[in-house]
Amino acid sequence: PRKELNEMCFGELEGRLESDIFSQLKEYLENKAHYQFPRGENYDLVSARVEKVVKKILLESQKFNVLIVGHQAVNRAILGSLVDFPKEIFVNIDQPHHVIFEISERKTLFYHDIIKKKRGKYIRVRMR
């Protein structure tokens, strides 16, 4: 495990019940691309730390396929970095738990749905 691939830090909201932090969550969902959690991170900070480690991983494994397992915000940052999605797009990429993403050498994003046993070009982006 690489600590740089830890999930986004939610700061003061870590470990609290959703019902207790509803107003902050609402602000976040309305402005995912720019919202920073109190004493926590935003997508710019997550992207900066993730991009460095992903570049390192790719350099270390140039002759191999790479599988990175991560949490939602980190996965979105990886996809944004490797596929060159603008932040306003990658923060809204839908990530069902049963889907594996594949990035081709041409920076095309594919999904593999392990429940439906289906592969396709990824074009679905959920905007809020």
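The values are calculated or read from the model by the stated rules, or taken from the named source; none is laboratory data. Note that this is a predicted model, so its numbers are computed, not measured. Cβ: placed from backbone, ideal geometry, glycine included. Neighbour counts: every protein chain shown. Surface accessibility is based on the protein's heavy atoms, side chains included, excluding ligands, DNA and RNA. Shrake-Rupley method; radii C 1.70, N 1.55, O 1.52, S 1.80 Å.
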query: Conditions: (1) under 13 Å from the mean Cα position of the chain (by Cα); (2) more than 18 Å from Phe110 (Cα to Cα); (3) not hydroxyl-bearing (Ser, Thr, Tyr). Arg76 meets all but one. Number of the miss?
result: (2)
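Based on what the data block shows, is Ser61 farther than 26 Å from Glu12 by Cα and of a type in the set (Ser, Thr, Tyr)? Even if it seems obvious, please write down each step before you answer.
On the way: farther than 26 Å from Glu12 by Cα: yes; of a type in the set (Ser, Thr, Tyr): yes.
Yes, satisfied.
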message: Going by what's in this entry, would Glu7 be described as part of a loop (DSSP other than H, G, I, E, B) and either closer than 26 Å to Tyr111 by Cβ or touching a helix residue (DSSP H, G or I) at 6+ places or on another chain (Cβ under 7 Å) (or both)?
response: yes
task: Determine, yes or no, whether Asn92 is at pLDDT below 90, polar (S, T, N, Q), surrounded by 15 or more Cβ atoms within 10 Å (Cβ to Cβ) and closer than 22 Å to Glu18 by Cβ.
output: yes
task: Answer yes or no as to whether Glu51 is of a type in the set (Asp, Glu) and more than 16 Å from Met8 (Cα to Cα).
output: no
message: Out of Arg119, Arg39, I need the residue that is in contact with a helix residue (DSSP H, G or I) (Cβ under 8 Å, 6 or more places away or on another chain) and among the charged types (D, E, K, R). Which one?
response: Arg39
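Quick one: count up the residues across region 95-115 that are assigned to a loop (DSSP other than H, G, I, E, B), closer than 27 Å to Tyr35 by Cα and open to solvent by less than 40 Å² (accessible area, probe 1.4 Å).
Looking only at region 95-115, we keep the residues that are assigned to a loop (DSSP other than H, G, I, E, B), and these are 95-98, 104-108, 114-115.
Still in the running and closer than 27 Å to Tyr35 by Cα: 95-97.
Now narrow it down to the ones that are open to solvent by less than 40 Å² (accessible area, probe 1.4 Å): 95-96.
Here the count works out to 2.
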- request: Please name all residue pairs, on different chains or six or more residues apart, with Cβ atoms under 7 Å, provided the first residue is in region 11-23 and is over 15 Å from Glu41 (Cα atoms) and the second residue is of a type outside the set (Ser, Thr, Tyr) and in a helix (DSSP H, G or I).
  value: Glu18/Leu25; Ile21/Leu13
Members of region 21-70 that are open to solvent by 100 Å² or more (accessible area, probe 1.4 Å), in contact with a Gly (Cβ under 8 Å, 6 or more places away or on another chain) and in a helix (DSSP H, G or I): none
